Amino acid sequence: MFEGQQENDMLGLLEDRIEQSINLVHRLRQDKSVLEEEVGRLQDEIRQRDLRVQEVEAQNESLKNTEAELYQLRIKQTEEQEETEREKKELRSRLKGIMELLDEVNSEDTPPDQQSEDTPPDQQSEDTPPDQQSEDTSPDQQSFLKLQEEDES
């Protein structure tokens, strides 16, 4: 009898252990499902962040290209402004030379008694009114003077 009782107790303990093992396996499977869902959610977040990072990097690259283009345009604009200034100076110089040449030709063609009437505006007396000065000034000189006034302003 004692042996039968012992066998029953051992079988009961074995059944309890098997039931506990089954419950443990069931709980572990549930935990595994929850963890797999969490892993999937986290992987989706990572993919979304990777896409966002790629978008931001593309925007950054685009901005860098735009910045480089803007810098090149500024350099080009500065160079063009400098070239324009050089051309203006060259034109002023050439006009001044032409004006001096015309003045020389004018003074050679004008008899000595008329030269005092045709003196350039910068050589006229301060008593001569500006409107009379412009009448005595050749059209070329007037153009040159206008160019000078525009450049000074």
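Would you be able to say whether some residue in the stretch 59-77 is closer than 18 Å to L147 by Cα and among the hydroxyl-bearing types (S, T, Y)? Lay out the reasoning, then the answer.
Quick first cut of the stretch 59-77, residues closer than 18 Å to L147 by Cα only: none.
Looking for residues that are closer than 18 Å to L147 by Cα and among the hydroxyl-bearing types (S, T, Y), one finds none in the stretch 59-77, hence no.
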TODO: Determine the pairs where a residue that is surrounded by 10 or more Cβ atoms within 10 Å (Cβ to Cβ), located within the stretch 98-119, has a partner that is at pLDDT 80 or above with Cβ atoms under 7 Å apart, the partner being 6 or more residues away or on another chain.
DONE: Q115/S107; D118/N106
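Could you list, in sequence order, the residues of the stretch 1-24 that are exposed (fewer than 10 other Cβ atoms within 10 Å of the Cβ), hydrophobic (A, V, I, L, M, F, W, C) and part of a helix (DSSP H, G or I)? Talk me through it step by step, then tell me what you get.
We begin by selecting, within the stretch 1-24, every residue exposed (fewer than 10 other Cβ atoms within 10 Å of the Cβ); these are 1-5.
Filter once more, keeping what is hydrophobic (A, V, I, L, M, F, W, C): 1-2.
If the condition is that a residue be exposed (fewer than 10 other Cβ atoms within 10 Å of the Cβ), hydrophobic (A, V, I, L, M, F, W, C) and part of a helix (DSSP H, G or I), then F2 is the only one that fits.
Name the single residue, out of those in the stretch 60-94 being among the polar types (S, T, N, Q) and farther than 30 Å from Q141 by Cβ, that is farthest from the chain's Cα centre (by Cα). Write out each step before concluding.
Narrowing the stretch 60-94 to residues among the polar types (S, T, N, Q): 60, 62, 65-66, 72, 77-78, 81, 84, 93.
Filter again for farther than 30 Å from Q141 by Cβ, leaving 60, 62, 65-66, 72, 77-78.
Numbers: N60: 13, S62: 11, N65: 9, T66: 5, Q72: 9, Q77: 13, T78: 15 Å.
Out of the qualifying residues, it is T78.
The values are calculated or read from the model by the stated rules, or taken from the named source; none is laboratory data. The shown structure was predicted, so the numbers you read here are calculated from the model rather than taken from an experiment. When we count neighbours, we look across all protein chains shown, and the Cβ atoms used for this are built from the backbone with ideal geometry, even at glycine.
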